[in-house]
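Heads up, the thing below is written out as structure tokens.
No value in this document is a laboratory result; all are computed from the given coordinates. All values derive from a computational prediction rather than experimental measurement. Here the Cβ positions follow ideal geometry from the backbone for every residue, glycine too, while neighbour counts run over all protein chains shown.
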Amino acid sequence: MPINRERFLSDFLELVRIPSPSGKEREVAQAVKAKVEAMGLTVSEDEAGKGFGGEQGNLIVKVTGNLEGVPPILLNAHLDTVLPCENVNPIVEGDKVRSDGRTILGADNKAGVCVLLEFLRVIKEDGIQHGPLEIVFTVAEETGLHGAKHLDYSLISAKVGFVLDSGPPINKVIVRAPSQKNLRAVVKGKSAHAGVSPEKGINAIQLAARAIASMRLGRIDQETTANIGIIRGGLATNIVPEEVEILGEARSHNPKKLEEQIAHMVSLLEKEAQRGGGKAEVEVTDVYRSFSVTEDDLPSKVLKAALAKMGLKPQWETTGGGSDANIFNEHGIKCVLICCGEESPHSPENERLDIPSALQSVELLVNIVTAFAQMDEVK
Ligand SMILES: [Zn+2]
């Protein structure tokens, strides 16, 4: 297989130097588009950016394939990164790439983007027999899966997909992810001069503190977590605070437990605010829904066959985080997350690209499209 380490690495070093915070992916999208077009493929862009106020839509590359009667497969990586991502200075050390520690590296998810680019070149050069492919480079994954949520699904017909947004080892496959709901509460009391007439005031910070102090937070059980992440309010030490804002979240693999946890958080905020003579206005929003892909589902069967060609067996895993895979699954595309070589994402000090894993990921993709085309049940 003509997987080219130098070519892959030069793509990667070029793309991580282009800042692409969520919603500002224009420049990196142009670079990716040029690379795909240089392979003789056509790139289209949807209107996703307009849907959430970003400057760039998702890029969609359709590869016809050279086999008849094989259904399409969706392959995905996201173009955006978390902050800080200005002036990334990638340093190659043996088989690893890191940043200089001042910024993130952006292997999450430019490793996935570059794996897809190298894969597209390899299947062409090697004349790999495969069916149609729908390659989707999404935007604004990190700030709320906006690209996947606003993807123009009329352009997609795949019912099975692989999302390249996970770390080594290469045989690790993420088949389960939780649902998440966010909570925003404004607890209202009454302002008063803290020294002259404190009895006229109702301290919103204290109301909120009572509620939070008695809240079940952290790891609730094996499937459920909850957090209050931000609290802000108050104007001065001599003013009884009138208002405090609280932001939190809960996640669970079990929808009923998620409902219960959120209800618990909301009711405590309302109860404690009321008990102290104030009130709480609470908003709950759905961020994404859980998914669970079983060993009998098509993506798992394909991966089993694809990994077997490398002498490996899949290691099925559960994640506590959400990704574009949650949204694709909601839209009826059975998706799992696979390794693209990214390690310790979102950490300026620890994020790495593991080059051998990324190159194995290219090989795995080739095996996936080959195995998929040979499966009896897809024909
Ligand atoms: Zn990611």
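Below is a table of values for the structure above.
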{"quantity": "Long-range HN-HN contacts of N66 with modeled amide H, under 5 Å", "calculated": "H130"}
{"quantity": "Label point distance in nm, D286-T318, each placed 7 Å from Cα along Cα→Cβ", "calculated": "2.2 nm"}
{"quantity": "T294 paired with Q374, simple spin-label distance in nm, labels 7 Å along Cα-to-beta-carbon", "calculated": "2.6 nm"}
{"quantity": "Cβ crowding within 10 Å averaged over residues, with 365-376, 62-73 ranked highest first", "calculated": "365-376, 62-73"}
{"quantity": "Summed residue charge, Cβ within 10 Å of L268's Cβ, Lys/Arg positive, Asp/Glu negative", "calculated": "+1"}
{"quantity": "Given charges at Cβ of Lys, Arg, Asp, Glu: the range 161-202 dipole, positive-most of F162, S197, I174", "calculated": "S197"}
{"quantity": "Aspartates and glutamates whose Cα lies under 19 Å from that of K190, excluding same-chain neighbours fewer than 8 positions away", "calculated": "E199, E242, E243, E245, E270, E272, E281"}
{"quantity": "Cα-centre dipole for the range 184-337 with unit charges at Cβ (Lys and Arg positive, Asp and Glu negative), debye to 20", "calculated": "220 debye"}
{"quantity": "Residue of R98, R352, R275 that the Gaussian network model of the chain assigns the largest fluctuation, springs spanning Cα pairs under 10 Å", "calculated": "R275"}
{"quantity": "Unit charges at the beta carbon, dipole of the chain: most positive-side option, T225, V302, V136", "calculated": "T225"}
{"quantity": "Check: the chain dipole with +1 on Lys, Arg Cβ and -1 on Asp, Glu Cβ, in debye", "calculated": "800 debye"}
{"quantity": "Burial ordering of S323, S344, S179, S292, fewest other beta-carbon atoms within 10 Å first", "calculated": "S292, S344, S179, S323"}
{"quantity": "Calculated FRET value between S347 and N66, using beta carbons and R₀ = 30 Å, to 0.05", "calculated": "0.10"}
{"quantity": "C-alpha center-to-center spacing [the range 196-260, the range 117-177] in angstrom", "calculated": "38 Å"}
{"quantity": "Whole-Hz couplings from phi, Karplus 6.51/-1.76/1.60, listed for the range 233-249; x for Gly and Pro", "calculated": "x, x, 10, 7, 5, 9, 10, 5, x, 8, 8, 9, 10, 10, 10, x, 8"}
{"quantity": "Nearest-0.05 FRET efficiency for K200 and S157, computed from C-beta distance (R0 56 Å)", "calculated": "0.30"}
{"quantity": "Cα-based helix-to-principal-axis angle, 5-16 vs the chain, degrees rounded to 10", "calculated": "30 degrees"}
{"quantity": "Choice from I220, I135, I174 showing the highest fluctuation, given a GNM over the chain with Cα pairs closer than 10 Å", "calculated": "I220"}
{"quantity": "Amide hydrogen neighbours beyond the local backbone of G161, cut-off 5 Å, H modeled", "calculated": "L74, K334, C335, V336"}
{"quantity": "Farthest positive-ward along the chain dipole, Cα basis, beta-carbon charges - from N89, V187, I368", "calculated": "V187"}
{"quantity": "Relative contact order, percent, the chain [alpha-carbon distance under 8 Å, six or more residues apart]", "calculated": "23 percent"}
